1. Being outside any helix (DSSP H, G or I) and surrounded by fewer than 16 Cβ atoms within 10 Å (Cβ to Cβ) is the filter here; which residues of the range 96-117 pass it?
2. Of 69, 65, which residue is over 25 Å from residue 125 (Cβ atoms) and within 16 Å of ligand 2 (Cβ to nearest atom)?
3. Of the residues that sit in the range 23-40 and are away from ligand 1 (no atom under 14 Å from the Cβ) and part of a loop (DSSP other than H, G, I, E, B), which one is surrounded by the most Cβ atoms within 10 Å (Cβ to Cβ)?
4. Pairs please, first residue from the range 2-19 and touching a residue at least 12 places away in the same chain (Cβ under 8 Å) and farther than 17 Å from residue 105 by Cβ, second anywhere and more than 7 Å from ligand 1 (Cβ to nearest atom) and assigned to a loop (DSSP other than H, G, I, E, B), Cβ atoms under 6 Å, 6+ apart in sequence or on different chains.
5. Please state which one of 12, 64 is more than 27 Å from residue 329 (Cα to Cα), at pLDDT 95 or above and within 16 Å of ligand 1 (Cβ to nearest atom).
6. Would you kindly identify the helices (runs of 4 or more DSSP H) lying entirely within the range 324-403 that contain at least 2 residues that are within 25 Å of the chain's Cα centre (by Cα), free of Cβ contacts under 8 Å to residues at least 60 places away in the same chain and at positive phi?
7. Of the residues in the range 1-22, how many are part of a loop (DSSP other than H, G, I, E, B) and surrounded by 24 or more Cβ atoms within 10 Å (Cβ to Cβ)?
8. Residue 57: modelled with pLDDT of 95 or more and under 20 Å from residue 170 (Cα atoms), yes or no?
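The values are calculated or read from the model by the stated rules, or taken from the named source; none is laboratory data. Just so it is clear, the model here is predicted, and its values are computed rather than measured. Here the Cβ positions follow ideal geometry from the backbone for every residue, glycine too, while neighbour counts run over all protein chains shown.
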Ligand code: FAD
Ligand code: NAD
């Protein structure tokens with residue numbers, strides 16, 4: 001007889017494991033099926049995010065930033081550090097240890113919360129049936145009142161640059177180089193390209209980023225994107241916009257990449273090439289056609305605003321459904337679905353999902369960009385404040401960037417907050433909370449911020465919406 005559950009989750013990434021824990025916490029008998037294994041063949045929970053995504057990339061970003069600081073900015077503080085070296089294997093071992101700690105932490109959380117874990121490929125064989133297929137082909141049948149699909153996404157590959165050993169790699173390969181390459185090519189100036197390109201550039205690689213679009217970070221507010229492009233270029237990233245990759249040839253331990261830029265045919269030779277052109281939803285072998293789960297034209301599982309698929313009692317969350325491919329978006333969806341299954345009222349707010357690019361400095365935003373509002377014909381006002389005028393940023397020797405707040409012209413409601421600067425990932429949470437509470441720019445302007453903090457730039461930007469910023473000369477006095 002099949003093992004019986006209230007909820008079976010397929011996939012244990014940040015969408016799936018959070019959904020499973022929440023469902024169990026709400027008193028439902030819950031199982032999670034996960035196929036990911038480590039090099040020793042042992043099951044690994046945590047999905048892309050914990051194993052080859054958010055966490056390992058941030059571990060390497062932190063290590064490489066310390067190295068870059070020792071090289072470039074210690075001297076400004078009067079600190080001399082000679083013979084600073086990077087031990088790549090020690091850096092990788094630290095990263096792997098963090099991944100191990102976190103993934104085994106999920107195993108512990110499953111045990112502690114009473115989630116039953118199955119190791120194998122999950123396959124939906126009927127509207128309330130899941131098969132967990134182990135590697136040896138043995139099948140465990142599960143029956144569930146509700147099924148939550150959380151099978152995530154995988155990197156997109158492009159025909160001109162098929163992956164090749166450790167020379168042409170995707171993001172996972174780029175998190176595991178065993179030494180600092182001389183020349184690194186990156187295809188795609190998106191989030192992964194900029195973050196992983198930064199890691200290797202900081203450690204001394206010459207990095208060339210080939211981006212097909214003419215605009216840099218087209219989905220970010222362009223005032224900040226321009227500032228970011230200038231900054232990253234100064235840091236050594238050679239960003240080529242409007243570059244269309246047409247082919248590649250492996251030459252021994254290197255790769256020749258052919259591309260067109262500004263109407264000219266060009267070739268660059270790299271020791272490593274990182275392909276970072278986006279990710280696609282992963283649903284391979286997940287269900288038989290007759291189950292009735294529909295997909296959209298881009299291969300995402302079709303869901304409504306509350307993550308219901310086209311089959312009653314089958315839900316889908318995270319990267320496998322529409323919306324930004326972000327860990328925190330998937331986790332919030334997981335919680336929402338578990339609550340809905342438990343009969344509670346729940347709705348996640350898709351308008352306040354923050355975006356962060358963990359470069360140095362970081363670029364983070366929530367809500368609308370000025371370009372989006374212009375395109376909508378919305379009436380808005382803008383307040384900006386540069387970190388160059390913030391004492392704490394000067395103390396930190398890091399005055400690049402600004403905070404930009406956009407508010408509705410009539411109601412003063414905050415429509416977007418954009419931060420390019422040190423610890424922008426932390427600061428943007430203030431905008432998220434403000435927007436979640438429906439606050440106005442004036443509400444933020446009337447709030448007392450600790451001094452000296454980087455967040456004072458948020459306060460000043462809110463004041464600047466009505467030209468009331470203090471630590472800058474207002475051109476237009478009111
Ligand atoms: P995933 O994390 O992809 O998990 C899906 C899981 O389902 C996997 O474990 C997979 O093995 C399993 N699975 C698939 N099919 C089956 C099946 N049939 N049976 C059993 N198991 C199955 N996002 C951020 O928010 N912040 C970041 O800083 C960030 N950094 C990133 C850095 C990199 C290099 C990458 C690649 C991604 C990064 N992301 C980041 C994106 C983030 O990793 C994803 O948005 C997130 O992991 C999606 O979560 P998920 O649970 O939907 O899917
Ligand atoms: P992305 O969509 O952010 O960027 C891909 C870039 O590649 C785009 O700029 C696109 O124009 C470009 N591109 C596409 N095809 C190309 C081609 N043939 N030649 C040259 N350029 C091409 O995708 P990504 O960086 O691969 O990241 C994948 C997903 O992972 C993203 O959706 C992101 O949300 C998520 N992620 C998030 C974080 C974070 O939150 N900090 C970090 C890493 C990844």
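1. Correct list: 114 only.
2. 65
3. Among those that are away from ligand 1 (no atom under 14 Å from the Cβ) and part of a loop (DSSP other than H, G, I, E, B), it is 28.
4. Sorted first by the residue in the range 2-19, then by its partner, the pairs are 5/29; 6/28; 6/29; 7/28.
5. Only one candidate passes the filter, namely 64.
6. The helices (runs of 4 or more DSSP H) meeting that bar number zero.
7. Count: 5.
8. Criteria met by residue 57.
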